[in-house]
1. For the chain, which span is the longest to avoid every loop-located (per DSSP) member of GluC sites (Glu not before Pro) having at most 16 other Cβ atoms inside 10 Å?
2. Tell me, what is the per residue accessible area of region 29-87 in Å², probe radius 1.4 Å?
3. Evaluated at 4 °C with a viscosity of 1.567 mPa s, what Stokes-Einstein diffusion coefficient in µm²/s does region 28-103 have when Rh comes from the Kirkwood expression over alpha-carbon pairs?
4. Which residues does a label at ASN128 reach in region 100-115, if reach means a backbone N under 20 Å from a point 7 Å past the Cα toward the Cβ?
5. So if I place +1 on the C-beta of Lys and Arg and -1 on the C-beta of Asp and Glu, and nothing else carries charge, what would the dipole magnitude of the chain be about its Cα centre? I want it in debye, nearest 20.
6. If eta is 1.567 mPa s and T is 4 °C, what Stokes-Einstein diffusion coefficient results for the chain, Kirkwood Rh from Cα pairs, in µm²/s?
7. log₁₀ I(q)/I(0) of region 1-59 at q = 0.14 Å⁻¹, via Debye over equal Cα point scatterers, no solvent, to two decimals?
8. Do the sum for the chain: with -39,500 (n - 2.57) for every DSSP H run of n ≥ 4, divided by all residues, what is the mean residue ellipticity at 222 nm, to the nearest 500 deg cm²/dmol?
Amino acid sequence: MSTSKKKILLVDDSEFHLSVANNMLKSEYEVTTALSGKEALEHLIQGLVPDIILLDIVMPNMNGWETYHKIRGFTMLTDVPIAFFTSTNETKNKEQADKIGVADYIMKPYEKNALLKRIENIIEKANNSSKPLA
């Protein structure tokens with residue numbers, strides 16, 4: 001097993017939520033945080049290729065939906081799973097997330113071990129499905 005940690009890009013406009021999630025994840029993952037969709041895109045433009053992106057939906061200026069679609073425009077990131085990480089529990093949002101191919105819909109608040117397990121499962125599934133389609 002590789003000794004290098006998998007990378008997570010964590011995007012949320014709440015410093016509190018970023019801090020809580022970062023503290024839960026930093027022992028297992030190399031975490032990069034962004035307080036906005038714009039800041040997340042800047043990290044990606046500078047060459048960050050995370051193993052997973054956790055993306056809040058409700059953010060000012062550029063919401064999670066817009067950020068998701070912009071990230072999907074980066075050729076080198078097409079196989080990187082993106083999970084919404086949100087307190088928005090609306091059925092229409094979950095349905096739309098499924099429709100566009102979001103890897104998971106993780107509700108806040110969350111419990112550390114459950115969060116770690118879901119992230120692990122998302123990364124594992126992405127690694128197993130990154131074979132070219134026939």
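The values are calculated or read from the model by the stated rules, or taken from the named source; none is laboratory data. Since the structure is predicted, the reported quantities are computational estimates derived from the model, not experimental observations. Backbone-built Cβ (ideal geometry, glycine too); neighbour counts: all protein chains shown. The area values use the complete protein model at the heavy-atom level, side chains included, leaving out ligands, DNA and RNA. Shrake-Rupley method; radii C 1.70, N 1.55, O 1.52, S 1.80 Å.
1. 29-89
2. Accessible area per residue: 44 Å².
3. Details: Rh = 12.8 Å.
Value of D from the Cα-based Kirkwood radius: 101 µm²/s.
4. 101-106, 114-115
5. 300
6. On the way: Rh = 15.0 Å.
Reported coefficient: 87 µm²/s.
7. -0.36
8. Numbers: 5 runs with 55 residues, N = 134.
So the helix-based figure for the chain works out to -12500 deg cm²/dmol.
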